[in-house]
Amino acid sequence: MRKLINIKNVTSTLVLLLIVSSLCLTVQADEGMWPLSEIQKLNLHEKGLRMDPSLIYDPSKQSLLYAVVQLGATGSFISEEGLIITNHHVAFGSVQAASTPEKDYLKNGFLARTRAEEIPAAGQTARITESFEDVSAAVLSVVKKKMSPAERTKAVERKIKELVAAAEKANPGKRAEVAEMFPGKSYWLFLYTNLRDIRLVYVPPLAVGNFGGEDDNWMWPRHTGDFTLMRAYVGPDGKPAEYSPNNVPFRPKTYLKINPSGVKEGDFVFLLGYPGRTYRHLPASYIAYEQNVRMPAVADWYEWQINLMEEMSKTSREVALKHDSRIKGLANTMKNYRGKLAGLQRLNYLAQKQQEEEALKAFIQADPKRQAAYGEILSSLEKIYKEMELGYPRSFVLDNLRRSVILFQNAMTVVEAAHERQKPDLERNAAYMDRNFSRIKQRLPLTMRTSFYLPTDLAIFKELLKKAKALPDNQKIEGLRQLVSSGSNLDEIANDILKKTRMQDLEFINTLWDRKPADLKQIDDSMLKLALTLYPEYLKMEEANRTRKGQLDELQAKLVDIRQEFLGQQFIPDANGTLRLTYGRVEGYEPRDAVFYKPFTTVQGVVEKTTGREPYDTPPALLELINQKEFGRFTNPELKTVSVCMLYSADTTGGNSGSPIINADGELVGVNFDRTWEATINDFTWSHDFSRSIGVDIRYALWILQELGGAGYLLGEMGIK
Ligand code: ASP
């Protein structure tokens, strides 16, 4: 075999191998969002853990695993009566939903003085991971060589649904879910307890919970009290139930003890949480697609929507309340993408990746067997991402019509339900299966109540029609071709469609859920008609996505295999919304030349930043408390004041919001809520040099609760005497 390699190749391969392995070594330090099954391999004691790691995860013990909940992002139980701590920004939507101009909890904060005063967090659920098992063999058993990529995807989807159905049957009351760990390669079945009655207990005023707003988001130094308390309830029989005044607080198997003395610089910490998505195992061609096509387009589009919604919000507080949560979500992603794009440039990351792949290619070419098995994967992947780039403007319009125009979203949901609900349960798109359909029916009215404002819907609709009109001829969306033809007046068309639809009328929509597609065609409703016309386009897009997924699954699985062989490493799966552990130390870093960021901020910084205007409008009562300097047991002894936020070198991403920051003894010392500007690129690559996460120091949260919130009794419930 050796003979086949020429000397020039050997030298360049070696040089590249050296570059790549040195990259990997720096990356190794504390990188990793570890599935809990892997943590015994981590030697956490050597890293600084003092507790028995099996008390973090061991199915036979009351381990910490059961104290962590998925709330969209993450939260954790901090009392035996179901009290949950998470981020203010995680509860933001529910707080908005509970607010009115008269009772503006979002602006002023909220405290339930008794259990009876706790209010439902609309739409919020909390999931606890109960168990997981590797079901890769069962899932992949249905994949046959001769299948087309789309058939492969369908077969896998079908098998997953069967496994989920069987697991839910065998475990009544639990929710099952199969997560793809390595795409195309490994699949785990998770069992969850899904709590459905979640209530708000304490919410700080916006000027504390969101202090610094978007200016400070993804930034350090930070002074945001980004925490909120909620409580989970269950039926009197102890089982998960929808909201009812008769429900009782949920008693978790375990909860986290709080250490009110916090941590100090250099301390070991770990986080448990539900990180959303990372893309560290994907090829350079994917990074190129993200960098050159998708992220810039989405960031610009979100910016356009934010400007629109901010303008609309000037009308009245009532109108602003409809937009607050949407703006927050859009702005969070927009700034994150801008941060990532800056990071990609700063690190010249695409070139790094390409260089790694050159070395990988040389490694593949050096062996005819490898060449036969893996010779085409990188070029095939590149071809797929190029195709996605070409089709992007068209799919952008279709995707965003559904995502951002609420009345069109309603109409499409009705149309899709009519088609999907005709099929046997296991053949439907997951959202329309019996186990999920009620959620659609609940979410639609909630979205209408909390987020729908006709002038905003209309403006977004017009803008997307404009984009559809501008599509090149070979990308035109058939169902819109006539509507947006060259002579058409888009303003008139959009106004007319919105005038002649009843897709904002919930009673009307309720009459449509059980209709057949043919019945819907008889209904004279302009938006419904548009959705029916466009439905085949969405079907085509879905089918194309299935084909692409089938191709990508196979290629990405191979890419992981060969990269592992090449680098001599075992990878851990990218984040995928399942429970992970990550660890690090409380430590600062050097973001750029001659600048060092210390790991703690203090209340003094809150005073310094305060301007009296949003988002730096600290409540006068808080300024007074800070001035009085009576911090008592919440004083950070090194800093002689209360520390507000902290930095640590754990590996986190979106979804880790609300994750408990836990000390070496398994006690909660803070709540994760963000990353620094340089760490926005974590989703692609992590480095000890620049990846830092940001959490609120528990001492600040407790001090706020006690002094500003007047909620000292909750500290008692948390066992803080
Ligand atoms: N602030 C982040 C979020 O919104 C948390 C993170 O991405 O680190 O999800």
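So here's what we get for this one:
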| read-out | value |
| --- | --- |
| Compactness relative to 2.2 N^0.38 Å, alpha carbon Rg of the stretch 541-682 | 1.50 |
| Charge tally in the Cβ shell below 10 Å around Ala288, where Lys, Arg are +1 and Asp, Glu are -1, Ala288 excluded | -1 |
| Heavy-atom accessible area per residue - the chain, 1.4 Å, Å² | 43 |
| Distance in nm between pseudo-label sites at Ala137 and Ile493 (7 Å out along the Cβ direction from Cα) | 5.6 |
| Charge dipole (the stretch 572-697, unit charges on Cβ, about Cα centre) - positive-most of Pro599, Ser691, Thr611 | Thr611 |
| Mean Cβ count within 10 Å, highest first, over the residues of peptides 320-326, 367-373 | 320-326, 367-373 |
| Whichever lysines have a C-alpha closer than 23 Å to that of Lys264, once near sequence neighbours (fewer than 8 apart) are set aside | Lys47, Lys598, Lys629, Lys640, Lys721 |
| For peptides 163-173, 329-339, 462-472, sequence by mean Cβ density within 10 Å, most packed first | 329-339, 462-472, 163-173 |
| Tally of Lys pairs whose C-alpha atoms are under 27 Å apart, taken over the stretch 96-237, 8 or more apart or cross-chain | 23 |
| Binned Cα-Cα distance frequencies in the stretch 209-256 - 10 Å width, integer % | 22, 28, 18, 26, 6 |
| The chain: relative contact order in percent, alpha carbon pairs under 8 Å with at least 6 residues between | 24 |
| Mean Cβ count within 10 Å, highest first, over the residues of peptides 659-672, 574-587 | 659-672, 574-587 |
| Net lengthening on full extension, Gln345/Lys103 (0.36 nm per residue, minus Cα-Cα) | 82.6 nm |
| Sum of -39500 (n - 2.57) over DSSP H runs of 4+, divided by residues of the chain (222 nm, nearest 500) | -14000 deg cm²/dmol |
| Heavy-atom accessible surface of the stretch 367-468: percent carbon and sulfur, 1.4 Å | 52 |
| Candidate aspartates and glutamates for bridging to Lys462, where Cα separation is under 18 Å - those fewer than 8 sequence places away on the same chain excluded | Asp300, Glu303, Glu310, Glu311, Asp399, Glu478, Asp491, Glu492, Asp496 |
| Span-rule helices in the chain, defined as complete DSSP H runs reaching 27 Å or more along the axis (Cα) with Kyte mean at least 1.0 | 7-28 |
| Cα-based Lys proximity count in the stretch 467-569, under 17 Å, for pairs eight or more positions apart or on separate chains | 9 |
| Charge dipole of the chain about the Cα centre (unit charges at C-beta), most positive-ward option of Ala359, Pro204, Asn576 | Ala359 |
| Per-selection Kirkwood Rh - the stretch 337-468 (Cα, Å, 1 d.p.) | 19.4 |
| Shape call, the chain: gyration tensor on alpha carbons, a/c limit 1.5 | rounded |
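The values are calculated or read from the model by the stated rules, or taken from the named source; none is laboratory data. Quantities reported herein were computed from a predicted structural model and do not represent experimental measurements. Glycine gets a Cβ as well: all are built from the backbone with ideal geometry, and neighbour counts include every protein chain shown. Note: areas computed on protein heavy atoms with side chains; ligands, DNA, RNA excluded. Shrake-Rupley method; radii C 1.70, N 1.55, O 1.52, S 1.80 Å.
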